[in-house]
Every structure is written in C-alpha cells, then in structure tokens.
1. Picking from 205, 120, 255, whose Cα lies most toward the positive end of the charge dipole for the stretch 48-267 (charges on Cβ: Lys, Arg +1; Asp, Glu -1)?
2. Most fluctuating residue of 85, 144, 114 in a GNM of the chain with Cα springs under 10 Å: which is it?
3. Can you bin the stretch 48-267 into rounded, prolate or oblate? Criterion: square roots of the alpha carbon gyration tensor eigenvalues sorted a ≥ b ≥ c, rounded for a/c under 1.5, prolate for a/b above b/c, oblate for the rest.
4. Under 10 Å, Cα contacts only: if you run a Gaussian network model on the chain, which one of 95, 36, 196 comes out with the highest mean-square fluctuation?
5. Which whole-number percent gives the relative contact order of the chain, counting Cα pairs below 8 Å spaced six or more residues apart?
6. With point charges of +1 on the Cβ of Lys and Arg and -1 on the Cβ of Asp and Glu, referenced to the Cα centre of the stretch 48-267, which listed residue (220, 244, 182) lies farthest in the positive direction of the dipole?
7. If you find the alpha carbon centre of the stretch 147-163 and of the stretch 84-144, how far apart are they in angstrom?
8. What dipole magnitude, in Debye to the nearest 20, does the chain give about its Cα centre under +1 on Lys/Arg Cβ and -1 on Asp/Glu Cβ?
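Just so it is clear, none of the values below were taken in a lab; they were calculated from the coordinates. Small disclaimer: the values here were computed from a predicted structure and weren't measured. When we count neighbours, we look across all protein chains shown, and the Cβ atoms used for this are built from the backbone with ideal geometry, even at glycine.
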Amino acid sequence: MKLELRSPIDERAGISVPDEVEKLSTPFNGTLGSKEGDEYQVKNNIIDLLGKEPEFTSIAQSTNHWKLTAAMYEDIWRKRSLSLLSGEDFPIEKEHELLIDWTEPKEGGWYLDLGCSTALYGRALKAAQKKSHIVALDFSSQMLEEARLKAEADETDMYFLRADGRELPFFSNTFDGIVMGGTLNELTEPLKVLYEAKRVLKKEGIFFIMHLIRSDVWYGRLLQESAALGGIKFWSVNESNKLFDQAGFKVEEQLVKGIVCFTKLRPA
Ligand SMILES: C[S@@+](CC[C@H](N)C(=O)[O-])C[C@H]1O[C@@H](n2cnc3c(N)ncnc32)[C@H](O)[C@@H]1O
C-alpha cells in the first residue's frame with residue numbers, strides 16, 4: 001500500500017507519495033501535490049507540508065527548532081532521561097521493550113511517530129518489524145533533518161513529514177498504531193492533537209504514549225512549576241486519563257515510574 005496524504009487545503013483531495021521517498025539511501029528531491037494544484041516541497045526525502053516556520057507560543061516549543069537542540073537531544077538527554085525522571089535504572093532498551101510489547105508492530109502495518117523529534121520510537125518500531133511502514137512527523141525541520149541522518153545511519157527506511165499535529169494530513173483510519181514519546185507535555189493544544197490522533201487511528205489501532213505526570217514531592221513540583229513557565233504542562237494520572245477519555249480513547253494499560261507514565265490507549 002502507498003502512503004497517501006490528505007491535502008492541507010482540501011480535505012477530500014489526496015496527495016500520493018512515491019515509494020522512493022521512504023528509501024533513505026537515495027536522496028529524493030522534488031514536489032508533490034494534489035489535483036487541486038497545491039504543491040509541497042520534498043527536500044532530501046523530508047516532505048514539507050508547512051513551508052513557513054510555525055509561530056511559537058512557548059520557550060519549550062522554540063528550542064526544538066534550534067539546530068543545537070536537535071543535534072544533542074537524543075544522545076545527551078533522551079537516552080538517559082527516563083532513568084533521571086523515574087528515579088530508577090530505566091535504560092532506553094527497557095523503554096523500547098515496552099513500546100514493542102504494547103504496540104505489537106505487524107507486517108504491512110502503518111505507524112505514526114507523532115512529534116517524533118529524532119524518531120527514536122519510529123526507528124525502534126521498524127527495527128522490530130522490518131515490513132512495517134513508519135511515518136515520522138514533527139513541525140521542526142531541524143529535528144526532522146537530524147532524524148533523517150540517524151535513520152539513514154541505522155539503514156532504517158521511513159517517511160519524514162513536516163506537519164502540525166493539530167491538523168494531521170492523513171485520511172481517517174490510516175494507522176494501525178500511533179506512538180508519542182514525551183510530546184504530550186509540550187503541546188500547546190493537547191486535546192486538538194489527541195482528537196486528530198483518534199481520527200487517523202484505525203478502530204482497532206493502538207496509541208502508545210510516554211508522558212510526564214505531576215510530581216508529588218515538593219522539590220519536584222518546584223521544578224515543574226519553573227518548567228511550566230517554559231510551556232511544559234504536567235497533569236496527574238487521573239487528569240491525563242480524563243484528557244484521553246475526552247478525546248475518545250480508553251486506557252488499556254498504564255505503568256507509572258516516578259513522574260514517567262506509559263499509557264496504552266485504544267479508541268473507545
Ligand atoms: C519531547 S519532544 C519529542 C521526543 C520524541 N518523541 C522522543 O521520544 O524522543 C517533542 C517534539 O514534538 C514536536 N511538536 C510539538 N508540538 C508539535 C505540533 N503541534 N506538531 C508537530 N510537532 C510538534 C516538537 O517539535 C518536538 O520535536
């Protein structure tokens with residue numbers, strides 16, 4: 001099956017994506033468009049549906065668009081972050097094990113890494129199921145460029161898409177699974193993104209989320225209050241579950257380690 005995007009200007013119009021865009025060993029450059037005449041650039045395999053830079057409403061959002069953050073994010077922070085945040089030894093391999101166990105990527109399945117940054121989850125899914133298709137989506141060009149470098153180095157083919165999670169450029173019921181690591185806390189309009197995720201996920205699909213919850217110790221709360229000034233939100237587990245429920249999901253599994261929460265959702 002081919003990847004078909006939904007045109008940002010007309011929700012009935014499709015944009016068909018050539019298979020070569022997924023093959024990272026050969027740079028793909030060109031334009032894609034729908035029959036409505038709208039055109040989008042593909043630069044070095046990264047499909048750009050946004051063109052312009054997004055408007056930032058928080059500091060956390062804007063730092064994701066710095067080249068330095070993108071280059072250092074995965075190796076300096078991400079791979080150690082869960083051990084620091086959960087208060088126990090939580091290597092990235094353990095997180096990947098949980099991701100694969102709960103998501104169960106299947107042959108020929110389509111998976112969306114939503115707010116992918118360097119597409120750590122997307123690469124892990126593809127490593128576990130070589131015959132799946134991964135779409136890694138972020139609105140930061142800098143993160144996507146870094147993600148593309150890492151995927152090519154790992155010989156992992158996938159699609160890279162620059163788009164906004166609040167208006168996902170896919171038709172309804174496209175994905176067998178959606179994965180979202182750490183992004184929920186950074187979203188300016190989380191409910192909008194969750195609604196969109198529900199729309200593009202198949203009825204029997206799985207939504208795997210890793211998110212941070214509100215600390216119950218005073219020094220943790222103090223740190224979170226300063227992070228909140230930068231635009232990062234923290235909910236309790238109950239509040240997070242209310243948000244998921246509001247967007248039309250039911251919680252199937254949940255695991256809390258310190259302030260780190262893993263949630264497996266299904267459409268309700
Ligand atoms: C915490 S990072 C994600 C980390 C990554 N998922 C991981 O597991 O390592 C959050 C990412 O979400 C992206 N992001 C935030 N809001 C977004 C939106 N509305 N649409 C698309 N991407 C968004 C940011 O650019 C950033 O790269």
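1. It is 205, whose Cα lies furthest towards the positive end.
2. 85
3. It comes out rounded by the Cα gyration axes.
4. 36
5. Values: 524 pairs, mean separation 45.2, N = 268.
Relative contact order, the chain: 17 percent.
6. 244
7. 12 Å
8. Working: 34 positive and 43 negative charges, 80 e Å.
It works out to roughly 380 debye.
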